[in-house]
Amino acid sequence: MSTDVRIAVPAPATCSVRAAPPSACAVEVRGLHHRYADGTAALRGLDCHIGAGESVAVVGANGAGKSTFLLHLDGLLQPTAGEVQVGDLPLRRDTLVQVQRRVGYVFQDPDDQLFMPTVEEDVAFGPLNLGLSPQAARQRVHEVLVRVGAAHLAARAPWRLSGGEKRVVAIAGVLAMAPQVLVLDEPSAGLDPASRRRLMALLRKLPQTRIVATHDLDLALEVCERVLVMHEGRIEADGAPEEIFRDAALLQRCHLEPPLAWQG
């Protein structure tokens with residue numbers, strides 16, 4: 001682990017996010033750098049502001065820094081330099097637990113999150129560790145599983161689920177922690193078309209701030225109101241999906257292609 005990074009608390013007026021008032025900044029990142037132990041510079045001065053309730057896609061070619069960026073939002077990685085703030089809370093060693101209660105992280109591989117004997121126990125694991133009583137945890141688990149359309153899976157063993165079912169249960173486990181910000185890394189990877197459609201419908205209706213790293217530009221187009229394009233550890237462009245995906249020069253420079261829906 002690196003040493004603590006000093007994180008300044010910006011005034012609310014510094015948060016200038018499209019379609020979000022200055023006082024409703026969910027995530028602010030300023031001058032974020034990250035260098036791995038082997039010397040690889042994964043982030044090179046990344047800046048962004050994300051408003052409360054926004055649905056934001058983070059896109060880019062392999063190696064652009066998407067996953068590294070997302071891991072900083074939950075404190076799973078510490079920056080080499082720079083500042084991260086979630087709501088009014090600066091991310092530091094002494095605030096890490098508080099930040100992780102605000103930010104729910106859904107890993108690319110749901111098997112990294114599912115480890116209990118049943119779905120119900122898996123989704124209850126987080127609430128119980130937050131201090132909820134068994135009765136309150138059971139109630140929350142039921143509500144969350146109903147919300148994501150997985151109540152019928154409660155008694156199933158996670159290892160017996162399909163890929164799409166595992167993904168939804170992993171999201172349910174994070175939602176059961178009642179986060180303010182939901183971070184998802186490649187949520188549609190490996191899903192069949194029907195499971196992918198159900199996932200997109202779920203993501204569209206969630207009230208949390210959603211930050212989605214994805215290679216699936218069609219998902220970004222349908223689910224997100226804003227797109228951040230990453231290239232070589234920086235944000236190369238920030239705008240509405242229709243603007244970003246119609247910029248042929250930008251896509252070529254960042255080794256991306258238009259959404260499949262636009263390719264004839």
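The values are calculated or read from the model by the stated rules, or taken from the named source; none is laboratory data. If you're wondering where the values come from, they're calculated on a predicted model, not measured in any experiment. FYI the Cβ positions are ideal-geometry reconstructions off the backbone, even for glycines, and counts take in every protein chain you see.
Among the residues of segment 43-95, those identified as closer than 21 Å to Asp218 by Cα and part of a helix (DSSP H, G or I) are Lys66, Ser67, Leu70.
For the residues Pro134, Pro110, Pro79, Pro90, the requirement of being closer than 20 Å to Ala172 by Cα and touching a residue at least 24 places away in the same chain (Cβ under 8 Å) singles out Pro110. Identification of helices (runs of 4 or more DSSP H) wholly contained in segment 155-246 with 2 or more residues that are farther than 28 Å from Glu28 by Cβ and in contact (Cβ under 8 Å) with a residue 12 or more places away in the chain yields 163-175, 193-205.
Screening Glu121 with (1) of a type in the set (D, E, K, R); (2) touching an Asp or Glu at 6+ places or on another chain (Cβ under 9 Å); (3) surrounded by fewer than 21 Cβ atoms within 10 Å (Cβ to Cβ) gives one miss only, at (2).
Entry remark, segment 22-66: residues being out of contact with any helix residue (DSSP H, G or I) (no Cβ under 8 Å at 6 or more places or on another chain), buried (at least 19 other Cβ atoms within 10 Å of the Cβ) and small (Gly, Ala, Ser) number 3 in total.
Just one of the listed residues (Arg210, Arg226) is among the basic types (Lys, Arg) and in contact with an Asp or Glu (Cβ under 7 Å, 6 or more places away or on another chain), and it is Arg226. The residue that is farthest from the chain's Cα centre (by Cα), among those in segment 126-153 that are surrounded by 19 or more Cβ atoms within 10 Å (Cβ to Cβ) and under 24 Å from Ser188 (Cα atoms), is Leu153.
Just wondering, is there one or more residues in segment 106-114 that are of a type in the set (S, T, N, Q) and within 12 Å of the chain's Cα centre (by Cα)? Looking for residues that are of a type in the set (S, T, N, Q) and within 12 Å of the chain's Cα centre (by Cα), one finds at least one in segment 106-114, hence yes. For the residues Gly45, Gly31, Gly63, the requirement of being in contact with a Lys or Arg (Cβ under 7 Å, 6 or more places away or on another chain), over 13 Å from Leu228 (Cβ atoms) and at pLDDT 90 or above singles out Gly45.
Of all residues in segment 123-144, which are of a type in the set (S, T, N, Q) and part of a loop (DSSP other than H, G, I, E, B)?
Ser133 - this is the single residue of segment 123-144 that is of a type in the set (S, T, N, Q) and part of a loop (DSSP other than H, G, I, E, B).
Please count how many residues of segment 211-252 are of a type in the set (Asp, Glu), buried (at least 17 other Cβ atoms within 10 Å of the Cβ) and under 16 Å from the mean Cα position of the chain (by Cα). Residues meeting the conditions: 1. Of all residues in segment 52-85, those satisfying the criterion of being over 13 Å from the mean Cα position of the chain (by Cα) and of a type in the set (Val, Ile, Thr) are Thr80, Val84.
Within segment 183-197, the set of residues being of a type in the set (S, T, N, Q) and over 19 Å from Tyr105 (Cβ atoms) comprises just one member, Ser195.
Each residue in segment 247-264 was checked for being at negative phi and in contact (Cβ under 8 Å) with a residue 12 or more places away in the chain, and 10 pass.
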